[in-house]
There are 6 protein chains.
Amino acid sequence: MQRPSGRQPEQLRPIRITRNYTKHAEGSVLVEFGDTKVICTASAQAGVPGFLKGQGKGWLTAEYGMLPRSTGTRMDREAARGKQNGRTVEIQRLIGRSLRAAVDLNSLGENTIHIDCDVIQADGGTRTASITGAWVALADAIDHLKSKGLVTGEPLKRAIASVSVGIYQGVPVLDLDYPEDSAADTDMNVVMGNDGGIIEIQGTAEAEPFTEAEFQSMLALAKQGIAELHQLQQQSLQR
Amino acid sequence: MQRPSGRQPEQLRPIRITRNYTKHAEGSVLVEFGDTKVICTASAQAGVPGFLKGQGKGWLTAEYGMLPRSTGTRMDREAARGKQNGRTVEIQRLIGRSLRAAVDLNSLGENTIHIDCDVIQADGGTRTASITGAWVALADAIDHLKSKGLVTGEPLKRAIASVSVGIYQGVPVLDLDYPEDSAADTDMNVVMGNDGGIIEIQGTAEAEPFTEAEFQSMLALAKQGIAELHQLQQQSLQR
Amino acid sequence: MQRPSGRQPEQLRPIRITRNYTKHAEGSVLVEFGDTKVICTASAQAGVPGFLKGQGKGWLTAEYGMLPRSTGTRMDREAARGKQNGRTVEIQRLIGRSLRAAVDLNSLGENTIHIDCDVIQADGGTRTASITGAWVALADAIDHLKSKGLVTGEPLKRAIASVSVGIYQGVPVLDLDYPEDSAADTDMNVVMGNDGGIIEIQGTAEAEPFTEAEFQSMLALAKQGIAELHQLQQQSLQR
Amino acid sequence: MQRPSGRQPEQLRPIRITRNYTKHAEGSVLVEFGDTKVICTASAQAGVPGFLKGQGKGWLTAEYGMLPRSTGTRMDREAARGKQNGRTVEIQRLIGRSLRAAVDLNSLGENTIHIDCDVIQADGGTRTASITGAWVALADAIDHLKSKGLVTGEPLKRAIASVSVGIYQGVPVLDLDYPEDSAADTDMNVVMGNDGGIIEIQGTAEAEPFTEAEFQSMLALAKQGIAELHQLQQQSLQR
Amino acid sequence: MQRPSGRQPEQLRPIRITRNYTKHAEGSVLVEFGDTKVICTASAQAGVPGFLKGQGKGWLTAEYGMLPRSTGTRMDREAARGKQNGRTVEIQRLIGRSLRAAVDLNSLGENTIHIDCDVIQADGGTRTASITGAWVALADAIDHLKSKGLVTGEPLKRAIASVSVGIYQGVPVLDLDYPEDSAADTDMNVVMGNDGGIIEIQGTAEAEPFTEAEFQSMLALAKQGIAELHQLQQQSLQR
Amino acid sequence: MQRPSGRQPEQLRPIRITRNYTKHAEGSVLVEFGDTKVICTASAQAGVPGFLKGQGKGWLTAEYGMLPRSTGTRMDREAARGKQNGRTVEIQRLIGRSLRAAVDLNSLGENTIHIDCDVIQADGGTRTASITGAWVALADAIDHLKSKGLVTGEPLKRAIASVSVGIYQGVPVLDLDYPEDSAADTDMNVVMGNDGGIIEIQGTAEAEPFTEAEFQSMLALAKQGIAELHQLQQQSLQR
């Protein structure tokens, strides 16, 4: 088996995390997993949605989008069509759930953090890149709140990163790019904390069911890849 | 640990599968997982969506809904609000993917099967009940197509069933009802074929990450529960 | 003239009213007019819409829907299409107006009752079955409010029932089923109180206008049918 | 009993029908029932909707709207809100059904007639004025089609007119204006052909049910008023 | 060069401004620029939108629509399609901006004026006719507020009028009608105050860019035409 | 008068045009006017919309969007809200009209070019930066079509660039940034071809009307600025 990119099965694509990518957001990151490029911003705002008011705790929510020509063929602009499609909704719910696991909402106070992940170039793995990059933006936004004295405790409970794994031509591989993703038998996205805990596992058989053995080997690959991503996140925060 | 229902950790709720529940659909099933009740219909229709035309293969798609008062508090009617919410979209995509794994779309010919899962009473596990019941409706709809000579081969590749598992008060439990679901630390939905293959795993940590050990014990419970469900599906088809 | 069902012109279909059909709603009824089956729930909720606030009176509103495969051919799901169609809107307005005539909104206090009528199987007369069944659900919901002490007077002013009448092959007939409805020259829906008062008359000529004589004979049939329905409603409440 | 306008109970408001009110439409009428003013256009267009193609018959459909400030208090613009409200939908369906009863769709050939009724000033009875005026616009549009040789037979089967009747302070009155309409116990709209046939009856009890006797007296008033309207329609066509 | 209408290049169409055209609005004008006819109403309402509350100043906003058959070919009804099209949005924003330049929002107090411009017959120049007519409606509405004592100062700062100019067959012409507009190389809409100030200039090259010289000659024509329109506005207010 | 940025009145911000910014689109440009950054892509696609089919000519259309946190305060995501706002619609129509003036649609053949301008960071002048950058993307996309032999003639008629001008503290200034834009008395956007022709002028008085003299000085500034932009466009194409 030869991966289209020439990578080893357990090899991540080149990962780049650029902080302060745009100037307005409290946290703003360009994350690159190879040719997949996503702008992740974290916007901190005083107040919480109605259903949480007066409880002294915060909220985090996420939205996801793709520029119409981030892909090989131009997609319809969702704003013009008046509707987010099912895939978009599914992904932004995953991003929101995953990043809420990074935050102690009680320590956040009555503040809301909006995560926006906008794909400017897609080459597979946009949701895992989004989660990984958005966590760095989130860390910056929380730092901002702390430096302004708007938050006193430490709302950031753990680091969160995510990677995809799959079975490509019978072999478990890490961090699928688009050519692999579209040919893979099975695709799994894993989100984990830097404490080794599992936040979310979403595995989908594309054509044929996968076995438990395959599942175990994919999970092992994911753990290793996420550990590397956590290191890269920490390095980016120290720059 | 005492489950609210008094069940053993590895015990399913009483499961009932009533075929031919309504008269118009090619397959129509009322599935009950305890107090969770879902009407699942499979509608067979000649023709396929535009993107598949002329390829000689079929299509299967699924939609999901809840009656406004299927729940403890009345929910807004999605048709009146003009929008399906994110949870609905996520669930109907899961149902569609899962049941497509049951079907050989090539053998189906240019026919489309619409799966509709409408929850008339909710008590946890509506998506797993939907998948389990919809497979029986699907089997009936395919039988209908075969008996009419509209399909010649055997499009039904395998049986599909689904169950939820979770960690409730520190103990892995099978088939969570609503009181358990809303208190669980972790919730996982597993879809498997009767050949033991995994179709879909979706595990979500609600508050704290879960460990691999917890994951393994949940997966073991799910396998056992799904095996029972496959038996119940077969029994219902023989009635 | 022979009715497709073999019924006499003045004969209702077998009517069944099953109370407490689902467990969450304050009133929950499965109503069956022959093969037409509708789940009617009445949900009581504290508070009223903005335009009524502070007036000390209540509100009642109704929504109607059909499961996509309640009919011979699958209909689009309105929630997925993002819009209720004209027929749906017309019917739910009729249901709401009719049931408001059953209630003394002043005695109801600042409570809102939501009526939901969801057709699970359609065979003609879904709107008249909805009104007839929803009244029983309404009576149960009001009983609930009284038993909880949330309402002190008697908001239920009268019983309301509804039936369709039409001219089928030149003969006035009661309670049209789908084969009759689709072939009828004229279709009329009548809603009356158990005090003999007329709440709503909606008569429509399908192809040719109808005469006053035809109208009178249809109205007479409707009165008789509604009287029977009122008896069946009372019997169901005594079970 | 004194009507706010000083009219006799059986007296119509001053009715004016102005043909060729705007220049583009094949039929264009300004109809005035007192201070209620509606622009009714009939647009003839080659072709029919998909569900009728190839059957050699035509179609007629109607839409209704109110200018935002046609009423005492400004209403939201439906185009800006993105949705027609329930009342609008109900009225335009009534207009469409009523005018289809005027037309032999087989003689119309594969042509579609769009009726548009736009209220520029409202003072009660906008739907009955719309039907009455739109019929004249329809007659002109059909004449246009005949004069162009696009239609050979006679698609216009009969004249259609409509009026409202109600019980105001206990007395049956004809053609309610807004002050009467908002105070009436009962409101009924009747559509009839000039051959005396009934096309549509819609009677609604606002607060208390109405009796059969009241119904009969209202129906008698409506017949007389519609006969007058048919005369006025004919006169306008001869000008 | 011969204009289709036989007008001189610098000649306006016959302009008519009819005040009090409908009875409910505080200001109501039918404005006619030749065969272009627009109903302009100004509705005064106590209160302002949320973003202005408590600042003691008022607001003015505008909406625009066309009756479906105001044009040669019937257009879709925007309310039925559920969306205003881009041209509508662009025009109503222009009308709103232009008329806000006529008003001292501080003197208006916390009142909102809604301008509605509804085209009942279109023959080119609907936006310029709308602005010109709406200003007269606005003046009447402000007079109404002053006569009721709801406004004490003078919110009306200046008169506003608008006209189109273009290059038709190489010649600058004033106030284009539809045949000219659809054949013109360049189309420019100018809004000016009666103090000679420019409120808005929107010039668009349809096929080929225009030169500065052409621009200057068009601007000169517009100034002259707007001066005439200001006179006609004043005359209409003195009637 | 001191500009917030310290620029001279007639001085552009630093302009950067980066071609091939993303990999999928036929033309892809990051354009920067100071801190305003817009990704402009031009996507070439075989075929034209229905209304142009069979005429042998092409089409160009444009859409515009802003990332939610491209601005100082997070804006709602239009895709999630289900609607593009009025400003968005107005801008994308301007971009489309402007770039159509650059193209000979007959030479383009039955191909469609979609322009997408997505603002990733906003600091005033997003529409003028969009037009200027999108023209370079368009040039690349047309080159792509020519190199593939999909277009034989030369569809690119001229270069198009755009800049804003305004009166800031009484002085005409070129290329307003956000602090200037929000404080300016008058704002004008000018689009011109490199042949000196005017494509579009949109001038708006924010509070007080502007004089012709002010207009002339702004137009002169715009001409000079656009000439510089045309040079920068040409330089970027030669890299």
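For residue F:53, give me every one of the aspartates and glutamates with a C-alpha distance below 16 angstrom, ignoring sequence neighbours fewer than eight places off in its own chain.
Hits, sequence-local ones excluded: F:110.
Specify, per residue and in Å³, the volume enclosed by the convex hull of the alpha carbon atoms belonging to the protein assembly as shown.
It comes to 203 Å³ per residue, whole-number rounded.
How far, in whole Å, is the nearest Cβ of chain F from the axis relating it by rotation to chain B, and which residue carries it?
F:82, 5
Every other copy gets compared here: list the nm distances from the residue E:152 label point (7 Å along Cα to Cβ) to its counterparts, shortest first, one decimal.
4.7, 4.7, 7.8, 7.9, 9.2
Which far-off residues, 5 or more places away or on another chain, put their amide H under 5 Å from the one on residue D:58, with H placed in the peptide plane?
Amide H to amide H, under 5 Å and 5 or more residues apart or across chains, residue D:58 pairs with D:106, D:108, D:109, D:111.
Please give the total accessible area that chains F and E bury against each other, computed with a 1.4 Å probe and expressed in Å² to the nearest 100.
That pair of chains buries around 2500 Å² in total.
Which value, in Å² and to the nearest 10, is the accessible area of residue B:223 when all protein chains are kept and the probe is 1.4 Å?
My reading of the accessible area for residue B:223 is about 90 Å².
So, in Å, what gap is there between the alpha-carbon centers of the stretch E:147-195 and the stretch B:166-184?
69
Could you work out [θ]222 nm for chain C from helices alone, using -39500 (n - 2.57) per DSSP H run of at least four and dividing by all its residues? Round to the nearest 500 deg cm²/dmol.
Mean residue ellipticity at 222 nm (helix-derived): -10000 deg cm²/dmol.
With the contact rule set at Cα under 8 Å and sequence spacing of 6 or more, what percent relative contact order holds for the stretch E:83-162? Before the final figure, lay out each step's value.
Details: 61 pairs, mean separation 37.9, N = 80.
Taking the mean separation of contacting Cα pairs over the length of the stretch E:83-162, I get 47 percent.
Quote the relative contact order of the stretch E:138-239 in percent (integer), defining contacts as alpha-carbon pairs under 8 Å separated by 6+ residues.
This gives 26 percent for the stretch E:138-239.
What are the label-to-label distances in nm, one decimal and shortest first, from residue A:104 to the same spot in the other copies, with labels 7 Å along Cα to Cβ?
Label point to label point, same position, other copies: 5.7, 5.8, 5.8, 7.0, 8.4 nm.
Going down the table (B:23/B:57; E:57/E:157; D:23/E:83; A:83/C:83; C:57/C:146; B:83/C:83), which pairs top 20 Å between alpha carbons?
The pairs that break the limit, which is 20 Å between Cα atoms, are B:23/B:57; D:23/E:83.
Once R0 is set to 22 Å, what does the formula 1/(1 + (r/R0)^6) return for the Cβ-Cβ distance between residue C:157 and residue D:212, expressed as a FRET efficiency to the nearest 0.05?
Given R0 = 22 Å and the Cβ-Cβ separation, E is 0.65.
Considering only DSSP beta bridges whose two residues both sit in the stretch B:33-140, what percent are antiparallel, to the nearest 5?
60
Give the cross-link partners of residue C:148 among the aspartates and glutamates, using a straight C-alpha distance below 12 Å as the criterion and excluding same-chain residues fewer than 8 apart.
C:26
Count the net charge of all other residues whose Cβ sits under 12 Å from the Cβ of residue D:197, scoring Lys and Arg as +1 and Asp and Glu as -1. Could you put the intermediate results ahead of the total?
On the way: positive: D:157, D:158, D:223; negative: C:185, C:208, C:212, C:214, D:195, D:200.
Combined, the nearby Lys, Arg, Asp and Glu give -3.
May I ask you to derive the relative contact order of chain D, considering only C-alpha pairs under 8 Å and at least 6 residues apart, and to give it as an integer percent? Provide the component values of the computation, followed by the final result.
On the way: 519 pairs, mean separation 52.4, N = 239.
Here the relative contact order equals 22 percent.
Hey, what's the protein assembly as shown come to in accessible area per residue, 1.4 Å probe, Å²?
36
Working from the alpha-carbon coordinates of chain E, get Rg over Rh, Rh being the Kirkwood radius. Write out the running numbers ahead of the final one.
Details: Rg = 17.8 Å, Rh = 18.2 Å.
When Rh is taken as the Kirkwood radius, the ratio is 0.98.
For the stretch E:122-239, just say rounded, prolate or oblate: build the C-alpha gyration tensor, square-root its eigenvalues into a ≥ b ≥ c, call rounded for a/c under 1.5, and beyond that prolate if a/b exceeds b/c, oblate if not.
Verdict is prolate for the stretch E:122-239.
What distance in nm separates the two pseudo spin-label positions at residue B:195 and residue A:23, each 7 Å out from Cα along the beta-carbon direction?
6.0
Rounded to the nearest 20 debye, what is the charge dipole size of the stretch B:145-239 about its Cα centre when +1 sits on each Lys and Arg Cβ and -1 on each Asp and Glu Cβ?
Working: 6 positive and 14 negative charges, 198 e Å.
About 940 debye.
Heavy-atom accessible area of residue D:144 with all protein chains present, probe 1.4 Å, nearest 10 Å²?
About 60 Å², rounded to the nearest 10.
If I take R0 = 45 Å and measure r between the Cβ atoms of residue F:61 and residue B:223 in this structure, what FRET efficiency does the formula 1/(1 + (r/R0)^6) give, to the nearest 0.05?
0.25
The values are calculated or read from the model by the stated rules, or taken from the named source; none is laboratory data. It should be emphasised that the depicted structure is a prediction, and the values quoted were computed from it without experimental measurement. Every residue, glycine among them, receives a Cβ derived from its backbone with ideal geometry; neighbour counts consider all protein chains shown. For accessibility, only protein heavy atoms count, side chains too; no ligands or nucleic acids. Shrake-Rupley method; radii C 1.70, N 1.55, O 1.52, S 1.80 Å.
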